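What follows is a short report on a single structure.
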Amino acid sequence: MKLKGRTALVTGGSRGIGRAIALALAEEGADVAVNFLSSERAAKEVAEQIRKMGRQSRLAQADVGDYPDTFRMAQDLLKEFGHLDILVNNAGINSDKTFVKMDHASWRKVLAINLDGVFNCTKVFIDQMINQNYGRVVNITSVIGQIGNFGQANYAASKAGVAAFTKSLAKELAGKGVTVNAVAPGFIETEMVSGIPEKVRDKLLGQIPLKRFGTAEEVARAVVYIVSSDGDYITGAELSINGGLLM
Ligand code: NDP
């Protein structure tokens, strides 16, 4: 087991990619806290599965877009776990509309959760990671932040912002035992992409050399690689998991 004795928090760990990451970290021996916004039942199920593996788990409810709420969550979690080694900033939303139809509220909401949320969660744990001279931060970005997309100006901007944040923080914290990386999935089978119309899906599949969408577990394995000792020499990277969509 590669993560025995480590503690982790996965934001948006109740569903989709975050759920798969939380379970994969626990499978490798980590104690894992599951953050969620409103899916308490789903988050409880994830925590229960983690406990069945013999690890500790905690529910860590908070709106990551809200700094005071995130600060409160961090204080509670640090009391319960004692310390945090691994932070996976995964929580994210989309609110797609062409720019002409996109209103300010939709722009703000996506930026508040996807970009401010990464600032908030990292900010509330980073001093403790620096003090213990060890930390692994992984931010889930997106191929859309790398190439842009029709109807996703808000989402693309948020993810490109997180990618730039990742590199800046990696440079600042490299001498303090903390690595900061991003994982950029392409199209992954979760609720987020379940609304894509059949026609658009077929068109997308035509652009993906591996001819399929990815799975949440395939993204989770990349995160485990980065945060385990296998990834000790990786910082400031953005690892693409996209079936060849961008190369
Ligand atoms: P899902 O919609 O399946 O899950 C989103 C998760 O984020 C849920 O756990 C949700 O909690 C949580 N969440 C949403 N808003 C907040 C908030 N304000 N505070 C705390 N938690 C919140 O998404 P995916 O699993 O598909 O996506 C996960 C990440 O991966 C996102 O950052 C997304 O942008 C990124 N990504 C996804 C891709 C895909 O194709 N699916 C491709 C590239 C990147 P709750 O259940 O309580 O609502």
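The loop-placed trypsin sites (Lys or Arg not before Pro) in the stretch 46-106, going by DSSP, that have at most 13 neighbouring Cβ atoms within 10 Å of their Cβ come out as Lys101.
Projecting the Cα atoms of Phe187, Gly12, His104 onto the dipole axis of the stretch 7-241, where Lys and Arg carry +1 and Asp and Glu carry -1 at the beta carbon, places His104 farthest toward the positive end.
Atom-type composition of the exposed protein surface of the stretch 71-204 places 56 percent of the accessible area on carbon and sulfur (1.4 angstrom probe).
Could you tell me the convex hull volume per residue, in Å³, taken over the Cα atoms of the chain? Walk me through the intermediate numbers first.
On the way: hull volume 29.6 nm³, N = 247.
So the per-residue hull volume is 120 Å³.
Take the Cβ atoms of Glu48 and Tyr233, set R0 to 45 Å, and the FRET efficiency comes out at 0.80.
Size of the dipole of the chain about the Cα centre, Lys and Arg at +1 and Asp and Glu at -1 on the beta carbon, nothing else charged, in debye to 20? Before the final figure, lay out the partial values.
Details: 29 positive and 26 negative charges, 46 e Å.
It works out to roughly 220 debye.
Along the chain, the longest continuous region that contains none of the chymotrypsin sites (Phe, Trp or Tyr not before Pro) in a DSSP loop with at most 12 other C-beta atoms within 10 Å is 1-98. Measure nothing fancy, just the Cα-based angle from helix 153-173's long axis to the longest principal axis of the chain, in degrees from 0 to 90, nearest 10. Approximately 30 degrees, to the nearest 10. The modelled label-to-label distance for the pair Lys171/Gln75, using points 7 Å beyond Cα in the direction of Cβ, is 3.4 nm. Solvent exposure of the chain amounts to 47 Å² per residue of accessible area, where only protein heavy atoms count and the probe is 1.4 Å. Here Lys171 is the anchor, and the lysines within straight C-alpha reach of less than 18 Å, apart from those fewer than 8 places off in the same chain, are Lys123. Please report the net charge: other residues with Cβ closer than 14 Å to the Cβ of Val118, K and R +1, D and E -1. Result for the neighbourhood of Val118: -1.
Taking amide H as placed 1.01 Å from N in the peptide plane, the amide H of Arg58 sits under 5 Å from that of Val32, Ala33, Val34, each at least 5 places away or on another chain.
Given the pairs Lys44/Lys79; Lys2/Lys176; Lys167/Lys199; Lys176/Lys211, which are separated by over 30 angstrom at their Cα positions? Each step should come with its number before you reach the end.
Details: Lys44/Lys79 20 Å; Lys2/Lys176 22 Å; Lys167/Lys199 36 Å; Lys176/Lys211 41 Å.
From Lys44/Lys79; Lys2/Lys176; Lys167/Lys199; Lys176/Lys211, over 30 Å: Lys167/Lys199; Lys176/Lys211.
If the cut-off is a Cα-Cα distance under 17 Å, which aspartates and glutamates reach Lys52, setting aside same-chain residues fewer than 8 apart in sequence? Cα-Cα hits under 17 Å: Glu27, Glu28, Asp31.
Relative contact order for the stretch 87-224: what percent, with Cα pairs under 8 Å and sequence separation of 6 or more? Walk me through the intermediate numbers first.
Working: 178 pairs, mean separation 35.2, N = 138.
Result for the stretch 87-224 is 26 percent.
Each residue of the stretch 106-118 was assigned a 3J(HN,Hα) from its phi angle through the Karplus expression (A = 6.51, B = -1.76, C = 1.60, θ = phi - 60°), giving 5, 4, 5, 5, 5, 5, 5, 7, 6, 9, 4, x, 5 Hz with x at Gly and Pro. Residues of the stretch 173-189 with backbone nitrogen within less than 18 Å of a virtual label 7 Å along the Cα-to-Cβ line of Ile147, please, listed as ranges. Counting only backbone N, you get 183-189.
The values are calculated or read from the model by the stated rules, or taken from the named source; none is laboratory data. Because the structure is predicted, anything quoted here is derived from the model rather than measured. FYI the Cβ positions are ideal-geometry reconstructions off the backbone, even for glycines, and counts take in every protein chain you see. Accessible surface is based on the protein model in full, side chains and every heavy atom, while ligands, DNA and RNA are left aside. Shrake-Rupley method; radii C 1.70, N 1.55, O 1.52, S 1.80 Å.
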